[in-house]
1. Among P18, Y112, V62, flag the residue with its Cα farthest along the positive direction of the charge dipole of the stretch 13-120, charges on Cβ as +1 for Lys/Arg and -1 for Asp/Glu.
2. For the stretch 24-111, what does the relative contact order come out to in percent, with C-alpha contacts under 8 Å and a separation of six or more?
3. Using the basic label-point model (7 angstrom from Cα toward the beta carbon), what is the D71 to L85 distance in nanometres?
4. What fraction of the Cα pairs in the chain, stated in percent, has a spacing above 22 angstrom?
5. In nm, to one decimal, how far is the modelled label at L22 from the one at K97, with both set 7 Å along Cα→Cβ?
6. Dipole size in debye (nearest 20) for the chain around its Cα centre, Lys and Arg Cβ +1, Asp and Glu Cβ -1?
7. Working out 0.36 nm times the residue gap between H64 and R116, then minus their Cα-Cα distance, what length gain in nm do you get to one decimal?
8. Taking the Cα centre of the stretch 1-68 as origin and charging only Cβ (+1 Lys, Arg; -1 Asp, Glu), how large is the dipole, in debye to the nearest 20?
Amino acid sequence: MPDQKPVYLFSYGTLQQPEVQLSSFGRLLHGEEDAMTGYQASMMEITDAAVIKVSGKRFHPVIHPSDNPQDEITGQVFRITEAELFAADAYEVSSYKRVQVTLRSGKNAWLYVLARPAEN
């Protein structure tokens, strides 16, 4: 990965769990604390049996934009490969969508937020 541009992934939930990392990426990730401002968290029920089996949890956190720029979500930012980013996509259920944001540290990172249905 030395000649490739780094890919950053911000996790505020189950992607921080060792068992999820081993299942999704085949290795443990090294993360650094960081935060995302202007978002709020809630819990969402997961119905995908494979995701529940790996994470051990039926309810996962999900974030969505907030009207208050002071709201903050803390978590871990991981430096990963592009292939690992696609592996994270495969782990997440369709209720999440991947977006790119700027974290408090200034890093541009991908993270998963609540997927809203398309408006007609």
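1. The residue sitting most towards the positive pole is P18.
2. On the way: 123 pairs, mean separation 33.4, N = 88.
That works out to 38 percent.
3. It is 2.6 nm.
4. Result: 32 percent of Cα pairs exceed 22 Å.
5. Reported label-point gap for L22 and K97 is 3.5 nm.
6. It comes to approximately 160 debye.
7. Using 0.36 nm per residue and subtracting the Cα-Cα distance, I get 17.8 nm.
8. On the way: 5 positive and 8 negative charges, 56 e Å.
Around 260 debye, computed over the stretch 1-68.
The values are calculated or read from the model by the stated rules, or taken from the named source; none is laboratory data. Because the structure is predicted, anything quoted here is derived from the model rather than measured. Every residue, glycine as well, gets a Cβ built from its backbone with ideal geometry; the counts of neighbours run over all protein chains shown. The accessibility values were calculated without ligands, DNA or RNA, using every heavy atom of the protein model including side chains. Shrake-Rupley method; radii C 1.70, N 1.55, O 1.52, S 1.80 Å.
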